[in-house]
Every structure is written in structure tokens, then in C-alpha cells.
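Below: the structure, in C-alpha cells.
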There are 2 protein chains.
Amino acid sequence: MKALVLLSGGLDSSTCLALAVKEYGVENVIALSLSYGQKHIREIKAAEDVAKHYGVELMTYDVKDIFKGSECTLLDGNEDVPTESYAAQIQRLNGKPVSTYVPFRNGLFLAVAASMAISKGCGVIYYGAHKDDAAGNAYPDCSIDFHIAMTKAIEIGSDKAVTICDPFIDKTKADIVKIGTELKVPYQKTWSCYKGGDKPCGRCGTCIDRIKAFELNGIKDPLKYN
Amino acid sequence: MKALVLLSGGLDSSTCLALAVKEYGVENVIALSLSYGQKHIREIKAAEDVAKHYGVELMTYDVKDIFKGSECTLLDGNEDVPTESYAAQIQRLNGKPVSTYVPFRNGLFLAVAASMAISKGCGVIYYGAHKDDAAGNAYPDCSIDFHIAMTKAIEIGSDKAVTICDPFIDKTKADIVKIGTELKVPYQKTWSCYKGGDKPCGRCGTCIDRIKAFELNGIKDPLKYN
């Protein structure tokens, strides 16, 4: 069996890749990075570095034109990404998705991955959605309910040629760091910050969550922050 | 409310467009055609003609690289499309999808449509999957079960910003011709044949089904066949 891993270059998906390599062997794993007009296009470089670290083939695919017209703050040319913790954003938004929610992004990514996986003979797609991102409906396409529906759609629509493996759907980012540290994931090569720049900002929701996830494990994040 | 219509340029999706225009008004409808390396790229020209007929904006988007490696006979460069009715193919394949099944194509199309719809402020996606295409699991991504799961995935993953309208999911192609004829859909401008060429072949599964659908309504298909 071959596996296709959705690899953003962030902490979660890099740990996913480590799990897939452990399960299927490096020769049976393909990674896929999607560029979608994100401000932090820097993460694609991180995906390349992480894929290289494992010796895994990395495919890239551009879907940015699909999001033309969206006001999502994660997309290049739009308003700034908020420098506020997710917890504060969730409280302020009261059940509405955060401004960095990219329209149905994970659904699109999983659908692209499904079509590619079947075309290339991969029977499973790994992706790294986790519990913290789904909290308070911040990212509705990270929720367990979304995962269940999308998995079903992919299994039925592909005649069970491919399925989704979502190892962190019920885990926190701190849990992921724990798993990844044991697997020796090269976190110094990953990129999480939602802003551009040479160094991560340390102040956007994703930086705040990342730093906290390392702290909760009593480990120092190997990245240097601004 | 604005609607986005997946328009292939075929009979089913052109009738879908007519329904959406009737429901939302021409100024609130956007059509979307996807090229995916199909042999019958001629259908995109048909989509343009049909969109023009209604005065609707047509967006096009290319996803063909996603299917690299697929052996699907509908894709350019692969084996010939079978010249056999769907009924015969279904019987021969005994529950497996037909060779013209494009890997998770409808799931991919709906996901692209969902991301675009939200980005452009459309609240509903129209698409023309029907009962005949789902029969015997010929196209698993045309089935009612797929429709239910994918609709749920899109509704949850978009925080209900968009939903799917699937007016023909429980209808036959003959039912569609009946509805479309009443709506005066310009069927002479549509294209269904899965082979390339200047005129439809009249012998592939889709041509056979189309001709039969007109016959069952006691109407002559306005297209000239080879």
C-alpha cells in the first residue's frame, strides 16, 4: 500500500509524514504541498526541507486562483493576520470561523489528494487536522464531523479506492509535539507562522499555539522567533 | 442569493443551468467549467455556447495535472473509450466503476466549486449528477450516498456558507430531457459524446444514453451524429 501525505511544512503535517513513513516505509510515501496564495508561502520551502529530510518525493500543486475574491486574512493581498491567540479569537467570534479560515480549504485539499492518490495508486491519505484547530468552530473543516463526512464522501465516491487517515483528529497540538519528538521529527525545519518574513512572528494565533505546545511538553521550540 | 453552476456543456448540466437561471435570475448565476484532460475537450466550447445563450458568466479552471498517472479511458492519451452501452458495461464489470470513471472527479469538482462559491459569495452549487450515471456503481461519485456525504462535508466544512443542489439525483436522463425541453434548453448547443471529433460518435455509452433519452420523450436529438 502507498500513502499520500498532505504536507504543508508545518508542525502537524510534518509529524503526519513521520507517522506515514514509519507505517508504510519511505519508498511508499508521496508528499503533496498545495500553494493557495497563502501569505506564508515560506511554508512550501519548509515542506521541501522536511520531505528531503525523509527522502520522500514532494509534489506541489497551485490552487490559488480558486480563492479569488475571498477576504480571508491568510491570503496574500488581504488584511493582516490577527496577532491574537486562537482562544481570544474564538471567544470574540462566538462560533463563527476565524478570519484565517480559507474557504473549504481542507475539503479542497482532501479532494485534490483523493483524485491524485487514486491516479497514482495510493490507498490512503494522511492529513494533520487536530482538535485545537477545530475548537469553537475556528476552522470548521478541521472538525471531527467534517472528517467523518469527508471520509465517507471519499470512500463512496472512489469506490473505496482510497481512504483518509487523520491521526490527530482527537489530539491537541501538545500531543502532536509529544508524538513527533519521540519520532525525532526535524521541527527546526518546519514553519508554522501565518505571517511572511524570515523569522516567525511569535504573535499570530498559530505561533502562540505552537510555542505553547512545546512549553506544555517542557521542550524548547527549536525555531528562533522575532 | 447567488448560485454557482457546474457546467460541462453536456445535456444534464445545461439543464441544471436553465433551472438555476429560472430560480435565481441570470444576474445571480455564475457557471464553472473544469477541464481535466478529457478527450472531449470540445465540451468546453459547448459550455461557452450554452453560457452565452443564457448571458451567464463562465469561469474555466484546469485540473488536468491532478489526474497524471490515471488510466481512465476518458482522459487524453489513454486507451479508447468503449463503444458499448452503459447497461452492457455495468453487466460486464459487476459492480466495479466503468473505465471512463475519472478518479473522484465529482468530489474534486464539488470541492473546487465550494471553495470558489464561498470566495465569490455564492450560497448554492448546482450540479447535474443523475440516477442513470449512478446505476450499478458505474460512477460511484454520482450516487445518492455520495451526494449525501459530500453535501454534509461541504455544509459542515464551510460552516453552512454553501450547500449543494442536485436536482437530478433521483431522475433519469429521459426525465432531464423532459424538464429541459419544457425550459427550452438549447440542446443543439450541448455536447455529450466522450470521444473527440467534429460530430458525436453515436456509439459510446454517453451517446447511446443521450439518444435513448430523447427517444423516450418522442423527440429527435437536434445533434447530427456520425
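The values are calculated or read from the model by the stated rules, or taken from the named source; none is laboratory data. The structure presented is a predicted model; accordingly, all values stated were derived computationally and were not measured. Cβ placement follows ideal geometry from the backbone for every residue including glycine, while neighbour counts extend to all protein chains displayed.
Data overview
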| item | result |
| --- | --- |
| Single residue of the range B:167-226 satisfying the filter (within 16 Å of the chain's Cα centre (by Cα) and charged (D, E, K, R)) that is farthest from B:Asp132 (Cα to Cα) | B:Lys189 |
| Index of the failed condition, B:Ala46 passing every other in (1) crowded, with 22+ Cβ neighbours inside 10 Å; (2) in contact with an Asp or Glu (Cβ under 8 Å, 6 or more places away or on another chain) | (2) |
| The range B:204-219 - residue that is of a type in the set (Gly, Ala, Ser) and modelled with pLDDT of 95 or more and, of those, surrounded by the fewest Cβ atoms within 10 Å (Cβ to Cβ) | B:Gly218 |
| Subset tally (residues that are in contact (Cβ under 8 Å) with a residue 12 or more places away in the chain, at the interface with chain B (Cβ under 7 Å from one of its Cβ atoms) and within 18 Å of the chain's Cα centre (by Cα)) for the range A:144-160 | 2 |
| Looking only at the range B:113-139, and only at residues there that are crowded, with 24+ Cβ neighbours inside 10 Å and at the interface with chain A (Cβ under 7 Å from one of its Cβ atoms), the one that is nearest to the chain's Cα centre (by Cα) | B:Ala114 |
| Top-ranked residue of the range B:95-112 - restricted to ones that are among the β-branched types (Val, Ile, Thr) and part of a loop (DSSP other than H, G, I, E, B), ranked as farthest from the other protein chains (Cβ to nearest Cβ) | B:Thr100 |
| Condition met for A:Thr60 (surrounded by fewer than 23 Cβ atoms within 10 Å (Cβ to Cβ), under 16 Å from the mean Cα position of the chain (by Cα) and β-branched (Val, Ile, Thr)) | yes |
| Residue list for the range B:124-167, restricted to those being more than 23 Å from B:Lys178 (Cα to Cα) and among the basic types (Lys, Arg) | B:Lys152, B:Lys160 |
| Where a residue in the range B:189-207 is farther than 12 Å from B:Leu74 by Cα and its partner, wherever it lies, is modelled with pLDDT under 90 and buried (at least 19 other Cβ atoms within 10 Å of the Cβ), with Cβ under 7 Å and at least six apart | B:Trp191/B:His40; B:Cys201/B:Lys195 |
| Conditions (1) among the small types (Gly, Ala, Ser); (2) free of Cβ contacts under 8 Å to residues at least 12 places away in the same chain; (3) within 11 Å of chain B (Cβ to nearest Cβ): number failed by A:Ala88 | (3) |
| From B:Ile90, B:Ile154, B:Ile44, residue being of a type in the set (A, V, I, L, M, F, W, C) and over 26 Å from B:Pro200 (Cα atoms) | B:Ile154 |
| Leading residue by the ranking (surrounded by the most Cβ atoms within 10 Å (Cβ to Cβ)) among those in the range A:161-203 that are in a loop (DSSP other than H, G, I, E, B) and within 14 Å of chain B (Cβ to nearest Cβ) | A:Val162 |
| Top-ranked residue of the range B:75-112 - restricted to ones that are crowded, with 21+ Cβ neighbours inside 10 Å and among the β-branched types (Val, Ile, Thr), ranked as nearest to B:Leu58 (Cα to Cα) | B:Val112 |
| Any hit, the range B:48-58, residues being at pLDDT below 95 and within 13 Å of another protein chain (Cβ to nearest Cβ) | no |
| Whichever residue in the range B:74-94 is under 22 Å from A:Ala111 (Cβ atoms) and assigned to a loop (DSSP other than H, G, I, E, B) and, among such residues, is nearest to the chain's Cα centre (by Cα) | B:Leu74 |
| In the range A:148-160, the residues that are surrounded by 23 or more Cβ atoms within 10 Å (Cβ to Cβ) and closer than 20 Å to A:Asn137 by Cα | A:Met150 |
